[in-house]
Amino acid sequence: MAPPTLIPLDANRPLSIKEISDQASIFQWNPYIPMKAWLRTANTLSQEGKSYLLDGNFPQAYLLYMRYLTLLLEFLPKHPEAKTPEGERALREVNKSLQSVVTNLEHIKPIIQNDYDDWKSSRLRREEEFRQKEQADRAKSKSPTYDERASRDPALSATSRLLDAGDHQELAVELAQREIRRRDANRKAIRRPGVRTAGFWDNWTAELADRQAEDEELFRRQMELTRRELDGGEDGSVDDISRKESRRRPSIPVTSRNSSLRYPSISKSVPIEYEAQQPQKRTPTPQPPRPPKEGIPQWYEPSPSRAPISLPPELPAKEQIYPERTLPTPETPQELPTPPPKIHEAAPEPPKKQQRLTFKPAAYLESGEPIRSVFLPSQLRHKFLSIASENTRRGLEMCGILCGTAVNNALFVRCLLIPEQKCTSDTCETENEGSMLEYCMNEDLLMLGWIHTHPTQTCFMSSRDLHTQSGYQVMLPESIAIVCAPKFTPDYGIFRLTNPPGLDHILGCTQTATFHPHSVINLYTEAQRPKGHVYESEKLEFYVHDLRPGARNDPVQNKNF
């Protein structure tokens, strides 16, 4: 049971199973959207859930898997096309993945429940303290705050170091490319005949801890590089920092010219001159005087006939070197020294729970809901235009699919997929959707949006484009549409539907004409930074895969054109 709503919620508190399940069942179902679009959405949910599972973000993985099951078991069988032979065959094919999804949910559920129980037990003792304060503050509140929204976001729950993707773009790209290479290597190893690899749940705690430790180390090195750049130090990549640190000797820190700090100067050391001491000559000790002759018997007195007899000198009196000590007696017991006070050693602190790096939302929808960052290779658009150049010359449109991966709660486009398509001067329709879905499932790719050309029109979203975009954005609000108009200015734009009013209006539109007017304005908006959530990166690698018959594909992936 969720805690009382009067208690303020932590921004990254763990969510209960019920809270996540309730969110998973909330999405916009529209039977008028074609069956192929819903199958594409189901594939996106499955692949996105797998990405969050590999990141160790179990609450978000649970939400996506539950939404995937809800869509497949409750809604898709009611679709009008589900009773056609093609629809039945497609549902049978997609239902083959249900068992693996259910297995993952069974493993994830106790992890989420334990985290929530631990948080709730520590929270109970503070409930009464905040109750009255919240009642007073709630009357003044007019709109949900960031913390209130974040407290309902499974992706930001539990132990996470939250970072701003805009402030750490290079770190985000480097983390993503390293994780993508690791996943690709694991996927190829699984496909190798005769080789058995461990599943995710066989050793998941150690592997996640190792990856999180590597992310923390990369984050530390990135911060060190940023600090050196701000201090006017030497340039270099994050990898250069670790190599230079290993061979650099300790040195006195030097401030930059622009620094306002002034450190005390240290005078130059001067050697001390000294003369060697001469050894002193020892003075011989004088002999003691002879004793007097008085009292000596007469027969000992010297006579001229015999030599005098010398007597030895008297022994000196005994002197006490140390003062006398009084031995203890039974009447005067000896006092024992006072024992030193006992030093109570503090109990060792328990090891800190490893935090995973998670990027905060990059922007917000018109409804106030947050959306994740999307990183787009800056050269992808130019590569697509070179592929579509022949169609552009003939005045025909062409489209491609933007595929990628979710890493650390951000989305990274890494593949330009060219589907089979039917192109005209005003439209481009994808064909053989099954081959697209199969390729994305085999390569663990998400469909993050699409790109297409306007060879004879300006850069805008037509009514046909709006309906196509709604199929992508209905389940993935971060989905984008790139329009390229090489003969006009501006020659390209990155867009998304507004929500509200754009997405709701387009999903409710029942007009069947290819081009038709809409009664609502402000149906779409720009998605590129600084206004939107899309970052273009020159360092993000990508590759092209062409599904058209007779196309030749480069076996080397992850290029930076």
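Heavy atoms only, probe 1.4 Å: what % of the accessible area of the range 5-128 goes to carbon and sulfur, would you let me know?
Values: 3240 of 5850 Å².
With neighbouring chains kept in place, the figure for the range 5-128 is 55 percent.
Using the heavy atoms of the protein chains alone and a 1.4 angstrom probe, what is the accessible area of the range 437-507 per residue in square angstrom?
Numbers: 2010 Å² over 71 residues.
Heavy-atom accessible area per residue stands at 28 Å².
In whole Hz and in residue order, list the ³J(HN,Hα) couplings for the range 381-395 that follow from phi through the Karplus curve 6.51 cos²θ - 1.76 cosθ + 1.60, θ = phi - 60°; x for Gly and Pro.
Working through the residues one at a time gives 4, 5, 5, 5, 5, 5, 5, 8, 4, 5, 4, 4, 4, 8, x Hz.
So what's the range 15-98 giving for Rg/Rh, alpha carbon basis, Kirkwood Rh from the mean inverse pair distance?
Numbers: Rg = 13.3 Å, Rh = 13.3 Å.
Value, to two decimals: 1.00.
Scan the range 364-409 for chymotrypsin sites (Phe, Trp or Tyr not before Pro) in coil per DSSP, keeping those whose Cβ has at most 14 other Cβ atoms within 10 Å, and list them by number. Could you put the intermediate results ahead of the total?
Details: sites: Tyr364, Phe375, Phe384; in loops: none.
The qualifying sites: there are none.
What is the local net charge at Leu72, summed over the other residues whose Cβ is closer than 12 Å to its Cβ (Lys, Arg +1; Asp, Glu -1)?
Values: positive: Arg67, Lys78, Arg92, Lys96; negative: Glu74, Glu93.
Net of charged neighbours comes to +2.
What does the charge count near Leu503 come to, summing +1 for each Lys or Arg and -1 for each Asp or Glu among other residues with Cβ under 15 Å from its Cβ? Don't skip to the end; give the middle numbers.
Details: positive: Arg496; negative: Glu366, Glu369, Asp465, Glu478, Asp504.
For residues surrounding Leu503, the net value is -4.
Roughly how many percent of the accessible protein surface of the range 356-460 is carbon and sulfur, given a 1.4 Å probe and a whole-percent answer? Before the final figure, lay out the partial values.
Details: 1460 of 3150 Å².
Exposed carbon and sulfur together represent 46 percent of the surface.
The values are calculated or read from the model by the stated rules, or taken from the named source; none is laboratory data. Please read these numbers as outputs of a predicted model, since none were measured by experiment. Neighbour counts are summed over all protein chains in view; Cβ atoms, including those assigned to glycine, are modelled from backbone coordinates with ideal geometry. Accessible surface is based on the protein model in full, side chains and every heavy atom, while ligands, DNA and RNA are left aside. Shrake-Rupley method; radii C 1.70, N 1.55, O 1.52, S 1.80 Å.
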